[in-house]
Structures are given as C-alpha cells and as structure tokens.
Amino acid sequence: QRGMTATFMPKPFTNRTGNGLHFHLSLWGEQGEALFPGPGGDAHGLGFSDTAYSFIGGILDHAPALQASLAPTVNSYKRTGATPTESGATWSTNKASYGGNDRTHMIRVPDANRIELRSGDGSANPYLAIAAAIGAGLDGI
C-alpha cells in the first residue's frame, strides 16, 4: 500500500545496506564465572583469557566452512562482497579477522565478556548457525 517491501533477504537492493544476523557469544563456567575476561595486560590488548583467544581461533580457523551455515545463499555473497552503499558503508565483513570495537571484522570485541560474530545474515537457519559457531569455537579450545 505504501510502496515498501519487507524482506529478510541478505542484500535485496544493490544501493542499500543488507540484512545481517549477528551473534553475541560468551562462555561461562560451572560456577557461573565468565570465562572470557583475562588479565588486563594480555598480549593482544583486548582483556581476554587464553580460553577466549582459543575460542576466537577456532571460529577463524573454521571461517570458510562456517560461512556455509552463517550466509548460505547466493544473495548472501552479494552482501559480503558489496560496494559502499548510499549510507557509505556495507556493514558486512568479507574476511576472517577479529579486533576491538571495529565493525569491519568478522569477530568484533565490544568488551572483555563477549564477542560479536558478524558474518551471518537473515537467510541463515539460526539454530544451525549458532550450533556451528559454538562448535567451531569449542574446537579451538
């Protein structure tokens, strides 16, 4: 009626930002303690424990295969390989990397308690995608 289109397609319009599915992940011990925070002066400067870095390493190691669950359609790859849009950004990652509060990384670290896995999109089966991501991270540990 208003000339608008509602869709969960990852990249329905070439000149606009696509749709993403981002997971915020953290690990907790049996006693309820957070397992990601580590010493403030760790080698990479993100405040993470060795367990957290191993979890990230597992996701990055499995990133190519993981994308089959996180971004499973041809349209998904139109989103990840997109050129800048009207807003000036694509808001999607196209390489396996991690870093601080920087939205260009596959894994963004907003704080020492969690990571944000940013490479998924709305065409993913969320149950399969989260299971694959957790499995990849645990394989790193």
Enumeration of residues in segment 76-99 that are open to solvent by 20 Å² or more (accessible area, probe 1.4 Å), at pLDDT 70 or above and touching a Gly at 6+ places or on another chain (Cβ under 8 Å): LYS78, ASN94
Total residues in segment 109-126, condition under 17 Å from TYR77 (Cα atoms) and within 12 Å of the chain's Cα centre (by Cα): 5
Residues that are modelled with pLDDT of 70 or more and touching a Lys or Arg at 6+ places or on another chain (Cβ under 9 Å): does segment 65-75 have at least one? yes
Within segment 90-108, can you find the residues that are among the hydrophobic types (A, V, I, L, M, F, W, C) and within 10 Å of the chain's Cα centre (by Cα)? ALA96, MET106, ILE107
Failed item, numbered, when THR5 is tested on (1) farther than 20 Å from PRO72 by Cβ; (2) open to solvent by less than 70 Å² (accessible area, probe 1.4 Å); (3) of a type in the set (Ser, Thr, Tyr): (2)
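The values are calculated or read from the model by the stated rules, or taken from the named source; none is laboratory data. Just so it is clear, the structure is predicted and the values come from calculations on it, not from any experiment. Because the Cβ atoms are built from the backbone with ideal geometry, glycine has one as well, and the counts that use them run over all protein chains shown. Each accessible area value is taken on the protein alone, full model and side chains, heavy atoms only, with ligands, DNA and RNA left out. Shrake-Rupley method; radii C 1.70, N 1.55, O 1.52, S 1.80 Å.
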